[in-house]
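Just below is one structure, and these are the notes that go with it.
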Amino acid sequence: MAAGVLLLPVSGLAQEAGIPAVTLTTEPDGGQSYSVTLQILALMTALSFLPAAVMMMTSFTRIIIVFAILRQALGLQQTPSNQILVGLAIFLTFFIMSPVLERVNQQAIQPYLDAQLTPLEALQTASEPFRAFMLEQTREDDIALFVRISGAEQLESPETVPFNILVPAFVTSELKTAFQIGFMLFIPFLIIDIVVASVLMAMGMMMLSPVIISLPFKIMLFVLVDGWSMVIGTIAASFGT
């Protein structure tokens, strides 16, 4: 009974000081901003799209595809493991995207934290560095393809490309570039496989798998030429880093 009496003022105070779900505030310049509660809800919702944004709007796609093709060319099915390749691709993505992330921090995040930009203005400002990065890596033919598919009007300049066209065009260009790099990586290992298979056939060893014999030679070649440094350097250089 005493506990119920003690809780009565607290519950009454909570009802009087309830937090509104949505509060719209008009700024002196005519702009509008929403309550912190709604901003947090929008932020948590946006975080659910973060993995898709990392894969579709950064250098991650090109890097992970090249690593997967390299592992296939070496003939190693599970080494390095998927976790190692994904982890290496993520940190290499942060390295390549660091100039873009730095611009986003300086132009959007810090002004927003200092209350110089509204959430919508900060989001718009943060999208510009990513737009510039994707435009640099996207082929004009791919942009024209998705403009034609969408039935949109002719664009005045690449800077006016909307994100619903730019993102799929960027991903398509990344896939093309990744497969081009993968093709160049595949050639030396394919030559080793052909040579080993020809030698085994000439020796009459038909029942011995050429993959078993060629695998040590491919690993040795990859180590001697410092393959990981060459591959990572090539990927970074392909982005102009």
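The values are calculated or read from the model by the stated rules, or taken from the named source; none is laboratory data. From a predicted model like this one, the values you see are computed outputs, not experimental measurements. Every residue, glycine among them, receives a Cβ derived from its backbone with ideal geometry; neighbour counts consider all protein chains shown. All accessible areas refer to the heavy atoms of the entire protein, side chains included, with ligands and DNA or RNA removed. Shrake-Rupley method; radii C 1.70, N 1.55, O 1.52, S 1.80 Å.
Considering only segment 176-194, state which residues are open to solvent by less than 90 Å² (accessible area, probe 1.4 Å) and free of Cβ contacts under 8 Å to residues at least 12 places away in the same chain. 187 - this is the single residue of segment 176-194 that is open to solvent by less than 90 Å² (accessible area, probe 1.4 Å) and free of Cβ contacts under 8 Å to residues at least 12 places away in the same chain.
Restricting attention to segment 141-169 and to residues that are of a type in the set (Val, Ile, Thr) and crowded, with 16+ Cβ neighbours inside 10 Å, the residue that is nearest to residue 58 (Cα to Cα) turns out to be 167. No other residue among 121, 159, 153 is touching a Lys or Arg at 6+ places or on another chain (Cβ under 8 Å) and over 30 Å from residue 67 (Cβ atoms) apart from 159. Taking segment 195-226 as the range and being assigned to a helix (DSSP H, G or I), open to solvent by less than 60 Å² (accessible area, probe 1.4 Å) and among the hydroxyl-bearing types (Ser, Thr, Tyr) as the test, only 214 passes. Against the condition surrounded by 19 or more Cβ atoms within 10 Å (Cβ to Cβ), under 30 Å from residue 219 (Cα atoms) and among the hydroxyl-bearing types (Ser, Thr, Tyr), how does residue 138 come out, does it pass? The answer is no for residue 138. Contact list please: Cβ distance under 8 Å, first residue in segment 95-121 and within 22 Å of residue 54 (Cβ to Cβ), second residue aliphatic (A, V, I, L, M) and open to solvent by 100 Å² or more (accessible area, probe 1.4 Å), pairs at least six apart or on different chains. Listed pairs, sorted by first residue: 108/123. Can you spot a residue in segment 50-63 that is of a type in the set (A, V, I, L, M, F, W, C), more than 30 Å from residue 227 (Cβ to Cβ), surrounded by 15 or more Cβ atoms within 10 Å (Cβ to Cβ) and at pLDDT 55 or above? Within segment 50-63, none of the residues are of a type in the set (A, V, I, L, M, F, W, C), more than 30 Å from residue 227 (Cβ to Cβ), surrounded by 15 or more Cβ atoms within 10 Å (Cβ to Cβ) and at pLDDT 55 or above. With respect to the conditions (1) among the acidic types (Asp, Glu); (2) assigned to a helix (DSSP H, G or I); (3) modelled with pLDDT under 90, residue 153 lacks only one, and its number is (2). Which residues, taken from segment 83-114, are farther than 21 Å from residue 178 by Cβ and open to solvent by 90 Å² or more (accessible area, probe 1.4 Å)? Those that are farther than 21 Å from residue 178 by Cβ and open to solvent by 90 Å² or more (accessible area, probe 1.4 Å): 103, 106, 113, 114. Residue count for segment 118-135, restricted to those that are open to solvent by less than 100 Å² (accessible area, probe 1.4 Å) and over 18 Å from the mean Cα position of the chain (by Cα): 5. Of all the criteria given as (1) modelled with pLDDT of 75 or more; (2) farther than 30 Å from residue 220 by Cα; (3) among the polar types (S, T, N, Q), the one not satisfied by residue 72 is (2).
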